[in-house]
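The values are calculated or read from the model by the stated rules, or taken from the named source; none is laboratory data. No experiment lies behind these values; they were computed from the predicted model shown. Here the Cβ is made from the backbone with ideal geometry for all residues, glycine too, and neighbour counts use every protein chain on show. Protein only, heavy atoms only, side chains kept; ligands, DNA and RNA dropped before computing areas. Shrake-Rupley method; radii C 1.70, N 1.55, O 1.52, S 1.80 Å.
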Amino acid sequence: WHYRHLVLGMVGIFVYVGGEVAIGSHIVSYLHLPDVAGLAPKVAGDKVTYYWGGAMVGRFLGAYLLNKVNPGRLLAFNALGAMALVLLSLSTSGPVAMWSLLAVGLMNSIMFATIFTLAVAGLGRHTEEASGLLNVAIVGGALVPMLFGAVADASSLRLALLLPVLCYAYILWYGLKGHVRAA
């Protein structure tokens, strides 16, 4: 608990898993909206494959890139990309709105592993305990989607997508500044 980059990394895991699950859980409803794609639920459900498939492809690409690029910067880049894609989806309709939200999976691809690695860096004998704490932080995958649903019910699904944007904004900050260990 005395390691700032670990505690901030726990928040990063919390918001990452929360944002990813919130989007992944509501894509079918979003793509069903008449002003987005108006897809039947079955067809919209089939499109979810692209969201999770993008995450898989991105993990392979990320494994390569993480050996060439600073992990914090790559994390920040992906978070910025996710934010831009969600905002693009929110501000458009039709195929652009659909494909930009589905492409967020590609941006999500390296986030969990990178946040985790940055959070346990330099912890030595505390690494095992830290790993356990980081794994507990995945509870964001239960809590953020509940908040997302409450916002969607109170306003709209489009407005609720601003919640994952806030999650990605935190990850952007963590990638640039939050993971830096105190000297």
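Find how many whole Å separate the alpha carbon centroid of region 158-183 from the alpha carbon centroid of region 1-56.
The distance from the Cα centre of region 1-56 to that of region 158-183 comes to 15 Å.
What is the sum of charges around residue 174, taking Lys and Arg as +1, Asp and Glu as -1, for the other residues whose C-beta is under 14 Å from the C-beta of residue 174?
Details: positive: 4, 73, 177, 181; negative: none.
Neighbourhood net charge equals +4.
Can you work out the accessible area per residue across the chain, with the rest of the protein chains kept in place, probe 1.4 Å, in square angstrom?
Numbers: 8980 Å² over 183 residues.
Counting only protein heavy atoms, the per-residue value for the chain is 49 Å².
Looking at the calculated P(r) for region 50-122, what percent of the C-alpha pair distances fall above 15 Å?
That tail contains 54 percent of the Cα-Cα pairs.
Report, to the nearest whole %, how much of the accessible area of region 57-183 belongs to carbon and sulfur atoms, 1.4 Å probe, protein only.
On the way: 4490 of 6360 Å².
Summing carbon and sulfur atoms, their accessible area is 71 percent of the total for region 57-183.
Shape verdict for region 4-178, please, from the Cα gyration tensor: rounded (a/c under 1.5), prolate (a/b greater than b/c) or oblate.
Prolate, because a/c is 1.5 or more and a/b exceeds b/c.
Just how large is the dipole of region 4-178 about the Cα centre, in debye to the nearest 20, putting +1 at every Lys and Arg Cβ and -1 at every Asp and Glu Cβ?
Dipole magnitude for region 4-178 comes out near 380 debye.
Tabulate in residue order the Karplus-calculated ³J(HN,Hα) for region 15-24, using 6.51 cos²θ - 1.76 cosθ + 1.60 with θ = phi - 60°, rounded to whole Hz; enter x for Gly and Pro.
6, 5, 5, x, x, 4, 5, 4, 5, x
May I ask you to order 103-109, 5-11 by the average number of other C-beta atoms within 10 Å around their residues, highest value first? Walk me through the numbers before you get to the answer.
Details: 103-109: 24.4, 5-11: 20.9.
By packing density, highest mean first, the sequence is 103-109, 5-11.
Classify region 1-69 as rounded, prolate or oblate from the Cα gyration tensor: take a ≥ b ≥ c as the square roots of its eigenvalues, call it rounded if a/c is under 1.5, otherwise prolate when a/b beats b/c and oblate if not.
It is oblate, given that a/c is not under 1.5 and a/b is not larger than b/c.
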